[in-house]
Amino acid sequence: MANRERTNGQTPRDGARWDYSPAPEARNIVKIKPRYGLFINGEFVEPKSGQYFTTINPANEEVLAEVAYAGPEDVDRAVRAAREAYEKIWSKLPGKERAKYLFRIARIIQERSREFAVLESLDGGKPIRESRDVDIPLASAHFFYHAGWADKLEYAFHGRRPRPLGVAGQIIPWNFPLLMAAWKIAPALACGNTVVLKPAETTPLTALLLCEVFQQAELPPGVVNIITGDGQTGAWLVQHPDLDKIAFTGSTEVGKKIQKAVAGTRKRLTLELGGKAANVIFEDAAIDQAIEGIVNGIYFNQGHVCCAGSRLLVEESIYEVVVRKLKRRIELLRVGDPLDKNTDVGAINSLMQLRKIEHLVQVGVQEGAEIHQSSCPLPERGYWFRPTFFTRVSMAHTIAREEIFGPVLAVLTFRTPEEAAEIANNTRYGLSAGVWTNKGSKYLAFASRLKAGVVWCNTYNKFDPASPFGGYKESGFGREGGIHGLSAYVASGEW
Ligand code: ADP
C-alpha cells in the first residue's frame, strides 16, 4: 500500500504512515464475567424482569457479556434502596466520613486503572491511549476533587447551610462511560445524596466494575445503585416519583423528553446535551499546533464527544495551507484495534451510530460539499469510519448544523472576527468552542462573544474537575465540575 511504504526501511516518505509493529495492551488484565446482575443495595442481584441483553466489542462484534435488563420493578427496588441508605446512613454521616469513602474510591480506581482502561476500550471502542491517559485518570481525579469538598461545603456555600437534595437519578451516555459516572456520582455523594445510575446500553461494563470498587471501599449498601437497561429503563427511572433530582447527559432529543417528564414535579434537573462546536483558527495562530488541536478535537475519540470541534472556521487567508496540512494529517492517523497503544482512532461505538454517521456524510455529499477522507485500511469486522472532512461548506449545509457524533469535520471560512463569531454562534447548541491565535487580547475579546459554556484557547478537549462544564441553549443547563457542579446537589447552595 503506497501510504505505508517506507524509504530505506527507516524514514517514511512525506505523507506516509510509519509501519509500526502491533503494540496491544494485555486484555487478560480484566476478568469479564459471563453475566452481570443489577447492583442494588450493595450487591449484584438478578433482575425481577428476568431479562438480560448482550454488550459487544464494537471493534470486532464479539459478545463480551450478558447484562441484566432493569424493568419498572427493578427501578423501584433501586430507588427504595437509595432512599433507605439516604435516610438511615448517608445523609447522617459527617462530611469528613463521606470524604474518606470518596478518597478510597479514587485510590482504588487509580490502583485498578489498567483494568478500567482495557475494559473501557473493549466495551466502547475508544483507543487505549484515550481511556488510559484521559478517561480513567480524570474519573479518579473527580472522586479526589469531590472528596476534598465533602467536609468543606459550608465554605463552598458560605452564609448558607448546604443540605443534600435526597436521591438522585442519573443517566449517562456511551461516549465516556466511566468518566460520566464519576462526574455524576462524585458530587452527589460528596454533598450527602444517594444515587441510582443508569449507564448506556452499549457501554455498561466499566460502571459495573465500579460497583466492585464500591464493594472494595465498603461504601454503605444502597448509597450507589447501578441499574442497566435501555432508554425505556431510563424513562422509568425519570418517572419514578421518589427522586429529588435527575441528572442527564445524552442527546438533545432525549433531554427534551426528560424535561417534559420532569416538569411540574419536585425533581431538580440538570441536562448536558449535544453540541456543534466551532474551532476557530485565525491567521496569526501557530498552524501546526492548531492542526494537532483540531485533530484531537474531532478524530482522537472518533468524534464521540459532545464538545467535539466538529466545525472548523478558518480565516480565509490561511485556508489553503490549513486544508493541505489537514489532508496530510488525517492520512497519518492510525485507525484500528482500540487496544493497540499506537491507535489514534478506534471503533465507532455501535452499528446504529455508524449508520447515522454514514447517513449524514451521504447528505453532505448530496448537498454539494466536497469530501476528503483518509485512505487508511479499515479492519474487516466491527464498526469503522475513516477520518473525514468536508470543504465547500456553508451554514446552510446539514453537516454544518446537525451533530454527527463521528470523525467528521465541516470546514468553513471567515474574513473578520465579527463574521467568525456570527458563524460560531449560528447553531442551536452552545456547549464548547476553540480559538487559535497568538494574541491574548484577541482571544479574550473573541471568547467573550461566543455563546458556549467552555471556550478553549490554543488547546482543545482539556478537562479538570475544578472547572465547570456545561452548555447554553439546546446544549442544556447546569454545570458539572467545580463549585458550580456541587451546587446542583445541595438544597440551599444555588448560585
Ligand atoms: P446518544 O444519542 O448519545 O446515544 P441518548 O440520549 O440516546 O444518547 O442516550 C443517553 C442515555 O439516555 C442512555 O443511557 C440511554 O439509555 C438513555 N435514554 C434514552 N432514551 C431515554 C428516555 N426516553 N428517557 C430516559 N433515558 C433515556
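The values are calculated or read from the model by the stated rules, or taken from the named source; none is laboratory data. Treat the numbers as computed from the prediction; the structure is a model and nothing was measured. No Cβ is skipped: glycine too gets one built from the backbone with ideal geometry, and neighbour counts run over all protein chains shown. Areas reflect the complete protein model, heavy atoms only, side chains present, ligands, DNA and RNA absent. Shrake-Rupley method; radii C 1.70, N 1.55, O 1.52, S 1.80 Å.
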- When (1) more than 8 Å from the ligand (Cβ to nearest atom); (2) open to solvent by 10 Å² or more (accessible area, probe 1.4 Å); (3) in contact with a Pro (Cβ under 6 Å, 6 or more places away or on another chain); (4) not aliphatic (A, V, I, L, M) are applied to GLY250, the one that fails is (1)
- Would you call ILE298 in contact with a Ser or Thr (Cβ under 9 Å, 6 or more places away or on another chain), away from the ligand (no atom under 16 Å from the Cβ) and aliphatic (A, V, I, L, M)? yes
- Note on the stretch 161-211: residues part of a loop (DSSP other than H, G, I, E, B), more than 10 Å from the ligand (Cβ to nearest atom) and open to solvent by 10 Å² or more (accessible area, probe 1.4 Å) are ARG161, PRO162, ARG163, LEU165, PHE176
- Task: Considering each residue of the stretch 272-286, count those that are near the ligand (Cβ under 10 Å from one of its atoms) and of a type in the set (A, V, I, L, M), and give that number.
- Result: 1
- Message: Take THR233 and tell me if it is more than 12 Å from the ligand (Cβ to nearest atom) and polar (S, T, N, Q).
- Response: no
- Query: Within the stretch 98-121, restricting attention to residues that are of a type outside the set (A, V, I, L, M, F, W, C) and over 20 Å from the mean Cα position of the chain (by Cα), which residue is nearest to PRO177 (Cα to Cα)?
  - Reply: ARG112
- Message: List the residue pairs whose Cβ atoms are under 7 Å apart, where the first residue sits in the stretch 245-266 and is assigned by TED's automatic domain parsing to the domain that holds ALA235, the second is basic (Lys, Arg) and more than 8 Å from the ligand (Cβ to nearest atom), and the two are 6 or more positions apart or on different chains.
- Response: LYS245/LYS267; LYS245/ARG268; ILE246/LYS267; ALA247/LYS184
- Note on the structure: Listed by first then second residue, the pairs whose first member lies in the stretch 214-236 and is β-branched (Val, Ile, Thr) and open to solvent by less than 50 Å² (accessible area, probe 1.4 Å), whose partner is within 9 Å of the ligand (Cβ to nearest atom) and not in a loop (DSSP other than H, G, I, E, B), with beta carbons under 8 Å and at least 6 positions apart or on separate chains, are ILE226/LYS198; ILE227/LYS198; ILE227/THR233; ILE227/LEU237; THR228/LYS198; THR233/LYS198
- Task: Confirm whether GLN239 is over 25 Å from SER49 (Cα atoms) and within 16 Å of the ligand (Cβ to nearest atom).
- Result: no
- Message: Going by what's in this entry, would VAL490 be described as more than 17 Å from the chain's Cα centre (by Cα), open to solvent by less than 20 Å² (accessible area, probe 1.4 Å) and closer than 30 Å to PRO127 by Cα?
- Response: no
- Task: Being open to solvent by less than 20 Å² (accessible area, probe 1.4 Å) and assigned to a loop (DSSP other than H, G, I, E, B) is the filter; apply it to the stretch 309-338 and report the residue that is modelled with the lowest pLDDT.
- Result: GLY309
- Task: State all residues of the stretch 351-378 that are open to solvent by less than 20 Å² (accessible area, probe 1.4 Å) and part of a loop (DSSP other than H, G, I, E, B); if no residue qualifies, say none.
- Result: ALA369, SER374, CYS376
- So is ALA410 surrounded by 22 or more Cβ atoms within 10 Å (Cβ to Cβ) and either at pLDDT below 95 or part of a strand (DSSP E or B) (or both) or not? yes
- Task: Among the numbered conditions (1) farther than 26 Å from SER140 by Cβ; (2) surrounded by fewer than 20 Cβ atoms within 10 Å (Cβ to Cβ), tell me where GLY482 comes up short.
- Result: (1)
- For the stretch 442-450, state whether one or more residues are of a type in the set (A, V, I, L, M), in contact with a Leu (Cβ under 9 Å, 6 or more places away or on another chain) and assigned by TED's automatic domain parsing to the domain that holds GLN289. no
- Note on the structure: A careful count of residues in the stretch 413-460 that are part of a loop (DSSP other than H, G, I, E, B) and of a type outside the set (S, T, N, Q) gives 12
- Which condition number in (1) surrounded by fewer than 21 Cβ atoms within 10 Å (Cβ to Cβ); (2) closer than 22 Å to ILE294 by Cα is the one that VAL454 fails? (1)
- Item | Selection from the stretch 69-88 of residues that are closer than 25 Å to THR202 by Cα and among the aromatic types (Phe, Trp, Tyr) | TYR69
- Task: Tell me, yes or no, whether the stretch 256-270 has at least one residue that is more than 10 Å from the ligand (Cβ to nearest atom), polar (S, T, N, Q), within 24 Å of the chain's Cα centre (by Cα) and under 29 Å from LEU102 (Cα atoms).
- Result: yes
- Message: Cβ-Cβ distance below 8 Å, separation of 6 or more or different chains: which pairs start in the stretch 459-473 with a residue that is free of Cβ contacts under 8 Å to residues at least 60 places away in the same chain and closer than 16 Å to SER487 by Cα and end on one that is open to solvent by 60 Å² or more (accessible area, probe 1.4 Å) and of a type outside the set (A, V, I, L, M)?
- Response: PRO468/ARG479; PRO468/HIS484
- Message: Condition first: at negative phi and in contact with a Cys (Cβ under 8 Å, 6 or more places away or on another chain). Can you find one or more residues in the stretch 407-427 that meet it?
- Response: no
